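To start, the structure under review is shown below, and the notes come after it.
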Ligand code: PEP
Ligand code: MN
């Protein structure tokens, strides 16, 4: 249910509505718009039929949300959500570019990459300290040491950090270091993990599962937002199809679809989407043209020596020239990079 307050509703009147919603056993989620306040009431709606909220002063109208996802839907909030991260933004006019190695490998290499991506215009440094690897024998990440290296790189470059959380037992540790918590494709439907990040005050970058449809993705975000954390960023990173040329099939239609269905920002990760470095720049262009709010790009100074995902990693020079090209596409769309 969405409760639309009157434009001139007072704070006290809105407070009364919130109290009524709580007393009926529902959970209120308040969204303060430019003109008016909207309250989402989530839970068993039966008591609302007995005590209609329309009768309260301060309430303009009460509308059902027909979609299975409620708080993340455009029905709940018409305006785009812009998420502030340090001095950067996700969902605003400037595209949010998150770049860096697949995995944090050592301090010197991370710092070198961080300097390069910063110089080329990225505002975020990505890098995995906890890596979800298909084989238990592959490099699993440096763990806490990797997070320390990320922190050092931030200190020097001012880049905001994005790193993956795989295990609820590492929640406090990851939250202490990172600015954006990444939930990987393999964990998109790890509902316990989603509930855990729903209770923290850091933005969550939610990657689409490789076998998940768009509705599944939206419902996974609903887990986080209904837990109290309204800062979720969607990430299209390709899905499994019968095509074998590319690592995954990058579903760029997901971008305008998610923008239509949800007020939350959407970014695209063409690196995992295609798995081949030379296809990354054209797909990054296409993603921005499709309306993406940002990009996640794997960059490595020596991809041939990378511990993981070297084949899809751009060298810094190629990344920088891609950023220049993206500037032109962004400008056509009234955005910047
Ligand atoms: C990653 O970003 O390094 C990663 C493992 O991505 P995904 O979860 O999309 O496979
Ligand atoms: Mn990777």
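The values are calculated or read from the model by the stated rules, or taken from the named source; none is laboratory data. Quick caveat, the model's predicted, so the values are computed rather than measured. Counting neighbours? That spans all protein chains shown, and the Cβs are built from the backbone with ideal geometry, glycine included.
Any chance you could count how many residues in region 265-290 are more than 28 Å from residue 71 (Cα to Cα) and not in a helix (DSSP H, G or I)? Show your work before the answer.
Within region 265-290, the subset more than 28 Å from residue 71 (Cα to Cα) is 271-272, 274-286.
Subsequent filtering for residues that are not in a helix (DSSP H, G or I) retains 275-276.
So the answer is 2.
Would you mind finding the one in 121, 100, 146 that is without any contact (Cβ under 8 Å) to a residue 60 or more places away in the chain and touching a strand residue (DSSP E or B) at 6+ places or on another chain (Cβ under 8 Å)?
Values: 121 fails: without any contact (Cβ under 8 Å) to a residue 60 or more places away in the chain; 100 fails: without any contact (Cβ under 8 Å) to a residue 60 or more places away in the chain.
Only one candidate passes the filter, namely 146.
Strands (runs of 3 or more DSSP E) wholly in region 34-143 with at least 1 residues that are within 21 Å of the chain's Cα centre (by Cα) - which ones? Walk me through it before giving the result.
Details: elements: 37-42, 59-63, 83-85, 88-90, 96-100, 124-126.
Those strands (runs of 3 or more DSSP E) span 83-85, 88-90, 96-100, 124-126.
Across region 297-326, what is the number of residues that are free of Cβ contacts under 8 Å to residues at least 60 places away in the same chain and over 30 Å from residue 138 (Cα atoms)?
Number of matching residues: 4.
Need the failing condition index for residue 275 against (1) closer than 17 Å to residue 98 by Cβ; (2) within 15 Å of ligand 1 (Cβ to nearest atom), just the number.
(1)
Any idea which of 126, 115 is closer than 25 Å to residue 318 by Cα and within 16 Å of ligand 2 (Cβ to nearest atom)? Spell out how you get there, then give the answer.
Working: 115 fails: within 16 Å of ligand 2 (Cβ to nearest atom).
None of the others qualify; the one that does is 126.
Could you list, in sequence order, the residues of region 180-235 that are within 18 Å of residue 88 (Cβ to Cβ), touching a strand residue (DSSP E or B) at 6+ places or on another chain (Cβ under 6 Å) and either more than 15 Å from ligand 1 (Cβ to nearest atom) or part of a helix (DSSP H, G or I) (or both)?
The answer is 202, 203, 231, 232.
Considering only region 6-14, I want to know if a residue exists there that is assigned to a loop (DSSP other than H, G, I, E, B) and without any contact (Cβ under 8 Å) to a residue 12 or more places away in the chain. Steps first, answer last, please.
Going through region 6-14, the residues assigned to a loop (DSSP other than H, G, I, E, B) turn out to be 6-10.
Within this subset, residues satisfying the condition of being without any contact (Cβ under 8 Å) to a residue 12 or more places away in the chain are 8.
Within region 6-14 (the criterion being assigned to a loop (DSSP other than H, G, I, E, B) and without any contact (Cβ under 8 Å) to a residue 12 or more places away in the chain), the answer is yes, since at least one residue qualifies.
So, in region 125-154, how many residues would count as being crowded, with 23+ Cβ neighbours inside 10 Å and over 16 Å from residue 109 (Cα atoms)?
Count: 1.
Looking at residue 218, is it under 21 Å from residue 186 (Cα atoms) and modelled with pLDDT of 95 or more? Spell out how you get there, then give the answer.
Values: under 21 Å from residue 186 (Cα atoms): yes; modelled with pLDDT of 95 or more: yes.
Criteria met by residue 218.
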